[in-house]
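Before any comments, here is the structure.
Read-outs throughout are calculated quantities, based only on the coordinates presented, and are distinct from any laboratory measurement. Source: prediction; values computed, not measured. Reconstructed Cβ throughout: ideal geometry from the backbone, glycine too, with neighbour counts over all protein chains shown.
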Amino acid sequence: MTKKNKPKLAVWKFASCDGCQLSLLDCEDELLTLIGRIDIANFPEASREVVRGPYDVSLVEGSITTPHDAERIHAIRRISNVLISIGACATAGGIQALRNFKNVKDFTNIVYARPDYIETLSKSTPISEHVFVDFEVRGCPISKPQLIEVISAYLNGRKPNTPPHSVCMECKQRGTTCVMVAKEIPCLGPVTQAGCGAICPSYHRGCYGCFGPKETPNMSSLSKWWSQLAVSDPDIVRSFRAFNCYSDACRKESEAYEY
């Protein structure tokens, strides 16, 4: 009987802060369990050793911001059986997608002494705008349990079980009083996908929307409630232009309040 080869996992980085890759490295006990079942074939953050593809599962962190990266993601897609984008940068363009609302040349002219040396795209875009993505793991940074669940699901040939509900459900589960109802603090929890454990509301602060819009979020209704809490239009725009500013729902709602 021939010995079956272990599935090969690759981790790739594009424009990002590396936080989501560090979250993967932080899964110490879980990774030790997975090591016996998979080969981590390409993960520069963890090892200089590289095993050539094709790869059974590729995890991709970061957004596409340069012509070179736009070509590279297609090459990665071709050698990956399953491609999973991880984190707000890879799934929604990241905080760097704030440049999408302005002319990027205005920034390069201010920051760089020789802007003519800078070769960049006009927008920072998620991986899914360039290639087919099998699954997205949201968050800034990602949730370690969600990441392990998704990897385990694909290794076992089943559908990942990640929560589709809002952060409000997490507040209720941990017994946290609603900061918007009790203290009139603006909170993105009603429209944000669960995954963080409702950390900010537990410290009496509104949710910042780190995990991006949940399924069918009613952004316009939330903005109207915020207006009743005396939140100004510029502050509403700023609230929707954070980690997931170029996700479709956040982008449209911020543009509706922009003058």
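Between the Cα long axis of helix 67-78 and the first principal axis of the chain there is an angle of about 60°, rounded to the nearest 10. For the chain, the fraction of C-alpha pairs farther apart than 34 angstrom is 24 percent. Ordering 19-27, 226-234 by mean Cβ neighbour count within 10 Å, with the highest value first, yields 19-27, 226-234. Here segment 1-139 is treated with +1 on each Lys and Arg Cβ and -1 on each Asp and Glu Cβ, and its dipole about the Cα centre works out to around 420 debye. A simple packing score, the average count of other Cβ atoms within 10 Å per residue, orders the peptides 202-215, 36-49 as 202-215, 36-49, with the highest score first.
Compare the Cα positions of Val237, Phe211, Ala182 along the charge dipole of segment 167-256 (+1 at Cβ of Lys, Arg; -1 at Cβ of Asp, Glu; about the Cα centre) and return the one farthest towards the positive end. The Cα lying farthest towards the positive end belongs to Ala182. Pairs spanning more than 23 Å between alpha-carbon atoms, out of Lys105/Lys224; Lys123/Lys159; Lys144/Lys214; Lys123/Lys252: Lys105/Lys224; Lys123/Lys159. Directionally averaged projected area (segment 149-202, Cα convex hull): 4.1 nm². Once the chain from Cys178 to Thr66 is taken as fully extended at 0.36 nm per residue, the excess over their C-alpha distance is 36.1 nm. Taken along the Cα-to-beta-carbon direction at a fixed 7 Å, the label points for Leu229 and Asp26 span 2.6 nm.
Overall shape: oblate for segment 167-256, with the ratio a/c of the largest to smallest alpha carbon gyration tensor axis at 1.5 or above and b/c at least equal to a/b. Along segment 186-193 the Karplus relation, 6.51 cos²θ - 1.76 cosθ + 1.60 evaluated at θ = phi - 60°, assigns HN-Hα couplings of x, 9, 8, x, x, 10, 9, 5 Hz to successive residues, with x for each Gly and Pro. In sequence order, segment 220-229 has phi-based couplings of 5, 5, 5, 4, 5, 5, 4, 4, 5, 8 Hz under the Karplus curve 6.51 cos²θ - 1.76 cosθ + 1.60, θ = phi - 60°, and Gly or Pro positions carry x.
About the centre of its Cα atoms, the chain shows a dipole size close to 400 debye [charges on the beta carbon of Lys, Arg (+1) and Asp, Glu (-1) only; nearest 20 debye]. First check a/c for segment 62-196, with a ≥ b ≥ c the square roots of the eigenvalues of its C-alpha gyration tensor; if it is under 1.5, answer rounded, and if not, answer prolate when a/b is larger than b/c or oblate otherwise. Oblate, because a/c is 1.5 or more while a/b does not exceed b/c.
Once the C-beta distance of Glu45 and Arg114 is scaled by a Förster radius of 25 Å, the resulting FRET efficiency is 0.25 to the nearest 0.05.
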